[in-house]
């Protein structure tokens, strides 16, 4: 049986608990082992720590190679309506707005691990309600919370790819803080591309899909449901989020 078969997952086999390092490795090589071990212990500190370290590596890379004022400028330039509004401001007011945007951008990067805790809790709560009430699962919040942290470990790869791109000579004017690695078609598209199309292309991210697959595998194991039910729960919410994002881009482009 492989990790992608849609069937009821048996109870975790007896045996010694995995170390935190083994859990991380198995997330990439044999995810069922990691997620079965979560039924023994819902510890999630290791993927959180790894994610936080990766975030600050990117933080200092952006600070060294791009600069926060340039990041803010890039974000404004990617939003035609906001760029138009900024251009209409008197020079002193524009300078003030740019200073605020620069500080805000830097702070968001700096405290991102805190936001990731909140975001992960929300994701876990939504998936828990969906799998338990929608598909008769038996998961607990902390099991799904831990699954979500481990399932997002591939995101570290995307962060490191972004860091590599910065040190490989990416032009500061080309850095997109919302899509900083070439793991989706949107990364390679012109900023002038239709915003809804760009949002859709960006959502088709290899790392994101990898994370969704891992989430479904882990969710089915801790909830003791069919693998297909977990795929429906996870990918169903992803489709909703993508459609909302595309609609938002269409409304405000």
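Springs between alpha-carbon atoms under 10 Å, Gaussian network over the chain: tell me which of 31, 191, 154 tops the mean-square fluctuations. Result for the chain, Cα springs under 10 Å: 191 fluctuates most.
Could you work out how much longer the chain between residue 110 and residue 20 gets when fully extended? Use 0.36 nm per residue separation minus the Cα distance between them, nm to one decimal. List each step's numbers first, then the result.
Numbers: separation 90, 0.36 × 90 = 32.40 nm, distance 2.57 nm.
The residue 110-residue 20 span can extend by a further 29.8 nm.
With each label modelled as a point 7 angstrom along the Cα→C-beta vector, the residue 121-residue 170 pair spans 3.1 nm. Of 205, 92, 37, the residue with the greatest mean-square motion in the GNM of the chain, using alpha carbon springs below 10 Å, is 92. Taking one quarter of the surface of the convex hull spanned by the alpha-carbon atoms of the range 82-185 gives a direction-averaged projected area of 9.8 nm².
Take the alpha carbon gyration tensor of the range 150-198, find the square roots of its eigenvalues, order them as a ≥ b ≥ c, and report rounded if a/c is under 1.5; if not, report prolate when a/b exceeds b/c, else oblate. Oblate. For the chain, the Stokes-Einstein estimate of translational diffusion at 25 °C and a viscosity of 0.890 mPa s comes to 124 µm²/s, using the Kirkwood hydrodynamic radius over alpha-carbon pairs.
Can you tell me the length gained on complete extension of the stretch residue 224 to residue 53, counting 0.36 nm per residue apart and subtracting the Cα distance?
Numbers: separation 171, 0.36 × 171 = 61.56 nm, distance 3.27 nm.
Going from the current span to full extension adds 58.3 nm.
Solvent-free Debye calculation, one equal scatterer per alpha-carbon of the range 45-107: log10 I(q)/I(0) at 0.24, 0.27 Å⁻¹ equals -0.97, -1.10. Pairs of Cα atoms nearer than 8 Å and 6+ residues apart set the relative contact order; for the chain it is 30 percent.
We did not get these values from a lab; they are worked out from the coordinates using the rules stated. Everything numeric in this text was worked out from a predicted model, so none of it was measured. Glycine also receives a Cβ, built like all others from the backbone with ideal geometry; neighbour counts cover every protein chain displayed.
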